[in-house]
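What follows is a single structure, written as structure tokens, with notes after it.
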Amino acid sequence: MTRDNATSRALGAAGCMVAMSALTETAAGAETGHGTPAAGWSLAAALLGFFMVTLDAVIVNVALPNIRQELAGGITGLQWVVDGYTLMFAALLLSAGSLSDRIGARRAFGAGLVLFTLASAACGLAPSLTALVAARFVQGTAAAAMMPASMALVTHAYPDPARRARAVALWSLGGVAASTSGPLLGGVLSVVSWRLIFFVNLPAGAVALLLLARVMPSPRHSAPFDWAGQAAAVAAMGGLTYGAIEAGSAGITAPGVVAALAVAAAGLAVFVVLQARGKHPMLPLSLFRSRTVSVAVATGFAFMVGYYGLPFVMSLYLQQLRGLSALDTGIVFLPMMLTGAVLTPFVARLTGRFGARALIVTGLAAMTAGLAVMALLPSPAPVPVLSALMIATGLAGPLVMPPVMALLLRAVPARRAGVASGVFNTSRQVGGALAVAVFGALLADRATFVHGLRVSLLIAAAVALAAAAVSILLRPGR
């Protein structure tokens, strides 16, 4: 097998690993394998579940001003509406794979799906911002259970590698559809009520459960669960996110903020020790001996700072300061999202011609330029100009994530591919959560909102630029 062919196969496999919006690379040329009817039900249920999980990460941004108007509360509450979901998703994702192995993918996916649907109903019925945030925490927990189980369902249903690759390509379309349609769908539903962005999960969840009922029980495997490591991870990530969010309103020296950051530091220290000495660590530190793995994880984190941070800050800016409706805001984001979807089918071919490193650096450079120019534009810049500049971030999606994931999969043994992808996805979710936390803190004071917006975009641009520089260390394999 040539290196070009190896990379093309890795690109195909990468699509199954990247959670949320960047799982689009394997959609090119996808067709279904002629598997058994039961396999088709498994794929349909997994695809719909993946769609729901991804949609709830992106659809909420354009509805934030409407939520604030009805439920009151400040920018801090809106940050938790977004980060409550992302935080639990990231914190529990590594352990969720072990849970799926222990109780079976079908059972884990079903339990997560039921919990996700009920939590969505609770979000839609929330009488207060506090209740909404609490329901979002539950949603994130359920999403973490569903994500690895959905991939396991596809893996078990298609044992043949060729048919599995085609099934994975179709599975990834759930993320593509959700990422592309999320902002616009959120704007359309918010015209009636922001609560509909959560209620839409109820019929989707019911259909997914009906599909799952036709799926055969999944095999179970004895898989160790790192309870201590999981607790330390939740403490570290929760403390850091809470401290960053509350610093915006209370100040960095506030006792609660200092205590939260201290908990985060202690949790991180305990987590590292446990992972270094534990018999069954949820995050094997030996993975980071590979330069490719380290760079890939850092790139995933940096990419999501801009990719999650931009919609959060611009949704608030366009609606609160420029007077756009939720629907108009969704339309502004549409070129950015469609650009990634249109470019995706050509990623494998571009990688074969120019090499993975070239695409990654180009994508991150485009993101850097787009974010920096947006930050430096005068305040009355036309909205169509802002929409056009967002395309640079949309370009970064297919140019960065598929090649990075392909290189990551090539850099680790096949038996550790699942763990490596879990680490990568976790780093991405952490990047998104911290972006919302930090940028929201900068936007907390309405009097300095525009200044905070500029600083947020410049931070995201600086992080993307640093990732581009680090990505040069990657091998230029085609």
How large is ³J(HN,Hα), in whole Hz, for each residue of the range 421-436 in order, when computed from phi with the Karplus curve 6.51 cos²θ - 1.76 cosθ + 1.60 and θ = phi - 60°, using x for Gly and Pro?
5, x, 4, 4, 5, 5, 4, 5, 5, 5, x, x, 5, 5, 4, 5
What figure in square angstrom, to the nearest 10, would you give for the accessible area of Arg68 with a 1.4 Å probe?
80 Å²
For Glu246, Glu70, what's the largest-to-smallest order of accessible area, 1.4 Å probe?
Glu70, Glu246
With a point put 7 Å past each Cα toward its Cβ, work out how far Asp160 is from Ala466 in nm, to one decimal.
4.8 nm
At R0 = 56 Å, how high is the FRET efficiency between Ala276 and Arg322 if r is their beta carbon distance? Nearest 0.05 is fine.
0.70
Sequence of Trp80, Trp227 when ordered by accessible area, the most exposed leading, probe 1.4 angstrom
Trp227, Trp80
The correct ranking of Tyr242, Tyr308 by accessible area at 1.4 Å, largest first, is Tyr242, Tyr308
In whole percent, how big is the carbon plus sulfur part of the accessible area of the range 240-381, probe 1.4 Å, protein atoms only?
69 percent
Please compute the modelled spin-label separation between Ala262 and Ala131, points set 7 Å along Cα→Cβ, answer in nm with one decimal.
3.6 nm
Expressed as a percent, the accessible surface of the range 97-179 that is carbon or sulfur, using a 1.4 Å probe and the full set of protein chains, is 68 percent
Rounded to the nearest angstrom and ordered from largest down, what semi-axes does the equivalent ellipsoid of the range 291-448 get from its C-alpha gyration tensor (root of 5λ)?
31, 18, 12
Per-residue accessible area for Ser286 at 1.4 Å probe radius, Å² rounded to 10?
40 Å²
Quick one: which residues, 5+ away or cross-chain, put their amide H under 5 Å from the amide H of Arg214? H built at 1.01 Å from N.
none
Can you compute the FRET efficiency between Gln69 and Ser294 using 1/(1 + (r/R0)^6), with r the Cβ-Cβ distance and R0 = 51 Å? Round to the nearest 0.05.
0.70
Enumerate the calculated ³J(HN,Hα) couplings along the range 391-397 in order (Karplus 6.51 cos²θ - 1.76 cosθ + 1.60, θ = phi - 60°), each rounded to whole Hz, writing x wherever the residue is Gly or Pro.
4, 4, 6, x, 4, 5, x
Which value, in Å², gives the accessible area per residue of the chain when a 1.4 Å probe is used on the protein heavy atoms?
38 Å²
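Relative contact order (percent) for the range 70-134, with alpha-carbon contacts under 8 angstrom and 6 or more residues of separation?
Across the range 70-134, relative contact order equals 52 percent.
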Please turn the phi angles of the range 54-68 into ³J(HN,Hα) values with the Karplus equation 6.51 cos²θ - 1.76 cosθ + 1.60 (θ = phi - 60°), one per residue in order, whole Hz, x for glycine and proline.
6, 4, 6, 7, 10, 6, 6, 4, 6, 8, 4, x, 5, 4, 5
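The values are calculated or read from the model by the stated rules, or taken from the named source; none is laboratory data. Bear in mind the structure is a predicted one, so any value in this text is a computation, not a measurement. FYI the Cβ positions are ideal-geometry reconstructions off the backbone, even for glycines, and counts take in every protein chain you see. The area values use the complete protein model at the heavy-atom level, side chains included, leaving out ligands, DNA and RNA. Shrake-Rupley method; radii C 1.70, N 1.55, O 1.52, S 1.80 Å.
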